[in-house]
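Notes follow the structure.
The values are calculated or read from the model by the stated rules, or taken from the named source; none is laboratory data. Bear in mind the structure is a predicted one, so any value in this text is a computation, not a measurement. No Cβ is skipped: glycine too gets one built from the backbone with ideal geometry, and neighbour counts run over all protein chains shown. SASA here: full protein model, heavy atoms, side chains in, ligands and nucleic acids out. Shrake-Rupley method; radii C 1.70, N 1.55, O 1.52, S 1.80 Å.
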Amino acid sequence: DVLDPERLIQCPYNKHHRIRACRFPYHLVKCRKSYPEVAKELATCPFNARHLVPQADLSNHITKCNDKGLIEQVNQSSDFQREQLNAVSTWQAPPCDEDWET
């Protein structure tokens with residue numbers, strides 16, 4: 001199950017590291033420091049920072065990334081909300097009978 005926080009994920013810096021999904025982001029930061037030469041060769045997916053792929057494979061990964069669809073859905077939702085906010089309102093304030101000077 002992709003959402004299981006206990007599932008094991010293979011570290012992109014060291015293939016012998018298998019980390020629980022819930023700890024994976026912390027592990028990536030630590031391992032990046034431990035393996036700077038490997039880190040130079042990897043690129044981060046723009047849709048999911050947990051996806052580290054060889055730089056040469058990044059464009060291929062971007063076209064196939066499962067998280068790309070999620071980001072596009074969020075963007076479409078944001079566009080719709082923005083359109084709703086920018087729509088011209090037909091509401092008018094009711095006339096005011098109060099005279100603050102008196």
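Within the span defined as the range 63-86, every residue fails to be open to solvent by less than 100 Å² (accessible area, probe 1.4 Å), at pLDDT 85 or above and in contact with a Leu (Cβ under 8 Å, 6 or more places away or on another chain). Checking the structure you have, find out if any residue of the range 24-39 is within 26 Å of Glu72 (Cα to Cα), touching a helix residue (DSSP H, G or I) at 6+ places or on another chain (Cβ under 8 Å) and open to solvent by 70 Å² or more (accessible area, probe 1.4 Å). The answer is no; no qualifying residue exists.
Scanning the range 3-23 for residues that are open to solvent by 70 Å² or more (accessible area, probe 1.4 Å) and in contact with a helix residue (DSSP H, G or I) (Cβ under 8 Å, 6 or more places away or on another chain) yields Glu6, Arg7, Leu8.
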